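The structure under discussion appears below in the form of structure tokens.
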Amino acid sequence: MNKLDSAIVESSLRDAGCQFVDNAKDADIVLINTCSVRDHAEQRVMSHLGNLKHIKETRPDLVVGVIGCMAQRLGNELLKQSAVDIVCGPAQIAEIPRLITEAMQEKKKAVAVTEKIRQISPDVQSLERFEIEYSGDDTDIPAQAYVRAMHGCDKFCSYCVVPYVRGPETSRPPEAIIEQAKRLAQNGIKQITLLGQRINAYEYKAGDKTYCLADLLEMISKIDGVEWIKFVTSYPSKKYFKEIMLAMTELPKVCRYLHIPAQSGSDQILKVMNRGYTSAEYLELLDTARQIVPDIAIAGDFIVGFPGETDDDFSQTVDLVKKARYKNSFIFKYSPRPGTIADKRLKDNVPQEIKNQRNHELLRVQEEISRALAAEFTGQTVKVLVEGPSKKAKSTAEHAENAEKKQIITSADSVVSAVRGQLIGRTAGDWIAVFNGPENLAGQFANVKITRSTPLTLFGEIV
Ligand code: 5AD
Ligand code: SF4
């Protein structure tokens, strides 16, 4: 979601005549797009703001804006940071060009956030127009773009800040989504990734017809030029699940990839997390997925060290990971978020040291599974969408790290991918492939014969 917001804001600012520079020291305007999901991310923003304060001492005309979830969460409070001129929530990004102009001309500080975040924002219409006008081309990956299918979330998992910063769950009209996808395809986009916090809950009623994600996938499949369609993130629930899996198996453009976070393998913890399913029900969904789409690649998310998580709860999570046989898992240490039910009612009582241990152990278990699954590709030829030179590979890895997505990025992977002349691409199942080839393949599809692998990366040659 944040990447999409950044892409839209970037595109609107280019349109307004802005040029982009690599270093804040050379900029007239610095915007920081923020995430509030974990405290660590917010702490890093605070430290950036500290640095910008120093830069501003010598360059008082520099305009600094904080946008995104942290802006929505903290609002006025962010103005206490002396560097900050603009605070702008996710529903107000259409106002950014105006806010910047005012900040530059009138030296005014401004806050634009949604007052009552759990009500449909009055800014939704202008946001919709803005989003249609400025598409979400991925700034890192040529020929790939994000399209928002849903806003917000109504699930209120007890640990999660998203419902409080992104507002109520709403599905965008299918015609707006299709229109956008068509325009992107006309501009050379080959892969569309549909976004929603619970993308499989997409539901839009128009007259007698109710559209679900499977309908969207079918409609986007018909667009010439679009070759791959992905969607994230799925929530473990039965509603529409079979329909979506059938669409995946029947529509060749739909990538056989499912990111479906379990968060924990302990029914007791799942209950306190307010997830609404048991580990057995979750595994049943994975069975259904694999019955319908046998070669599906599945990825998960886990939180370790949730309040009250015992050794026994954790060992059930380890069991679940072993049974699920994920391609990869994103593993996070519990971080209390102000305003959430877990923060209000539960004590963050698992010591940091235990959180670290559990984090490492789960990574180790996942690494063995990933290693075995990756090894199965040896000798096979896979189709990849080429992202670009391996420098990008490194930055993809750093991105994941920065997002605190503690994947298993082994040092061997980054050493090899730093070699010149190497390209990185991604398979339909979201595996990273590294191979030699010319830079102008970026944004194209290539067939790569895999010769060896590490837990997260396939290595091969173009055929
Ligand atoms: N602490 C740790 N991890 C969290 N996530 C969401 N909220 C928290 C939190 N308070 C993780 C979940 C989610 C992912 C995007 O971030 O695993 O799937
Ligand atoms: Fe957060 Fe749960 Fe909504 Fe996902 S489904 S965004 S974890 S509240």
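The values are calculated or read from the model by the stated rules, or taken from the named source; none is laboratory data. Because the structure is a prediction, the values reported are computed rather than measured. When we count neighbours, we look across all protein chains shown, and the Cβ atoms used for this are built from the backbone with ideal geometry, even at glycine.
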Does L246 satisfy the criteria of being within 19 Å of S370 (Cβ to Cβ) and not assigned by TED's automatic domain parsing to the domain that holds F445? no
Is it the case, given these coordinates, that L362 is assigned to a helix (DSSP H, G or I) and in contact (Cβ under 8 Å) with a residue 60 or more places away in the chain? yes
Got a number for residues in the stretch 1-54 being in contact with a Lys or Arg (Cβ under 9 Å, 6 or more places away or on another chain), acidic (D, E), farther than 24 Å from F130 by Cβ and surrounded by fewer than 19 Cβ atoms within 10 Å (Cβ to Cβ)? 1
Spot the failing condition for A374; the list is (1) under 26 Å from the mean Cα position of the chain (by Cα); (2) within 16 Å of ligand 1 (Cβ to nearest atom), and only one is missed. (2)
With the structure loaded, tell me whether R256 is out of contact with any Asp or Glu (no Cβ under 9 Å at 6 or more places or on another chain), modelled with pLDDT of 95 or more and of a type in the set (K, R) or whether it fails that test. no
Residues that are of a type in the set (K, R) and away from ligand 1 (no atom under 16 Å from the Cβ): find the helices (runs of 4 or more DSSP H) completely inside the stretch 117-232 holding 1 or more of those. 124-133, 174-186
Being free of Cβ contacts under 8 Å to residues at least 60 places away in the same chain and assigned to a loop (DSSP other than H, G, I, E, B): is that true of G65 here? no
Within the stretch 1-32, which residues are part of a loop (DSSP other than H, G, I, E, B) and of a type in the set (A, V, I, L, M)? M1, A16, V21, A27
Restricting attention to the stretch 244-256, does a residue exist that is within 16 Å of ligand 1 (Cβ to nearest atom) and in contact with a helix residue (DSSP H, G or I) (Cβ under 9 Å, 6 or more places away or on another chain)? no
